[in-house]
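Beneath this line is the structure, given in structure tokens, with notes to follow.
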Amino acid sequence: MVDDSHVPVVRQLRLVVEAADHEAAVAFFRDALGLPEEAAFSGDGDARVVILDAGRATLEIANPAQKRMIDEVEVGRQVAPRIRVAFEVDDARATTARLVAAGANEIAPPTRTPWQSLNSRLDAPADLQITVFEELRDEPAGSDGAHPGRDGNG
């Protein structure tokens, strides 16, 4: 007898975001952030959707104290709405600069976190607040030029 209790039921997580300026949002997330276009559909009444591949998806559920702590580490103050989207990238500094040039508003620059990542916070199109993060597990502490007092270490 096979034990099916460990077989995942969910095969994919899709975050559906309404964007009043559809073209600007698609250009930002597809062209500036680099999410490949998986599919696009249109329908009656100018209905349009573009599905972008964001790699592996997780659902991170945090209690209010954790949400406040993440804001404090990444930004230095409480700013996050109830939902924030985070993207892992290879180079947080370059990606942050590219996204700002593409129209995002930088809330906080790339900052080293106690969990060994380099995170920046941005206001992005479609009224989304996003975190761009780079895992730093192989880099020695202090090698990233993070802002003192904002990196969880002082």
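Here are the numbers for this structure:
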| read-out | value |
| --- | --- |
| Matching residues in region 19-37 - criterion: being open to solvent by less than 90 Å² (accessible area, probe 1.4 Å), among the aliphatic types (A, V, I, L, M) and over 18 Å from Phe133 (Cα atoms) | Ala19, Ala24, Ala25, Val26, Ala27 |
| Set Arg11, Arg98: member being at pLDDT 95 or above, among the basic types (Lys, Arg) and open to solvent by 90 Å² or more (accessible area, probe 1.4 Å) | Arg98 |
| Test set (1) under 15 Å from Thr131 (Cα atoms); (2) touching a helix residue (DSSP H, G or I) at 6+ places or on another chain (Cβ under 8 Å) - Val73 fails condition number | (2) |
| Qualifying positions in region 29-51 - in contact with a strand residue (DSSP E or B) (Cβ under 6 Å, 6 or more places away or on another chain) and either part of a helix (DSSP H, G or I) or under 21 Å from Thr111 (Cα atoms) (or both) | Phe29, Arg30 |
| Only one of Asp71, Asp90 that is part of a helix (DSSP H, G or I), farther than 14 Å from Pro125 by Cα and at pLDDT 95 or above | Asp71 |
| Candidate set from region 101-126 (those that are assigned to a loop (DSSP other than H, G, I, E, B) and of a type outside the set (Val, Ile, Thr)); member that is most open to solvent (accessible area, probe 1.4 Å) | Trp115 |
| Given (1) open to solvent by 40 Å² or more (accessible area, probe 1.4 Å); (2) in a helix (DSSP H, G or I), number of the condition Val16 does not satisfy | (2) |
| Unmet criterion (only one of (1) at pLDDT 95 or above; (2) surrounded by fewer than 11 Cβ atoms within 10 Å (Cβ to Cβ); (3) of a type outside the set (A, V, I, L, M)) for Arg82 | (1) |
| Among the candidates Ala65, Ala54, residue that is outside any strand (DSSP E or B) and touching a residue at least 24 places away in the same chain (Cβ under 8 Å) | Ala54 |
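The values are calculated or read from the model by the stated rules, or taken from the named source; none is laboratory data. Predicted model, so just to flag it, every value in this text is computed and none were measured. Ideal geometry is used to build each Cβ from the backbone, glycine not excepted, and the neighbour counts take in all protein chains shown. Side chains are part of the model used for accessible areas, which takes the heavy atoms of the whole protein and leaves out ligands, DNA and RNA. Shrake-Rupley method; radii C 1.70, N 1.55, O 1.52, S 1.80 Å.
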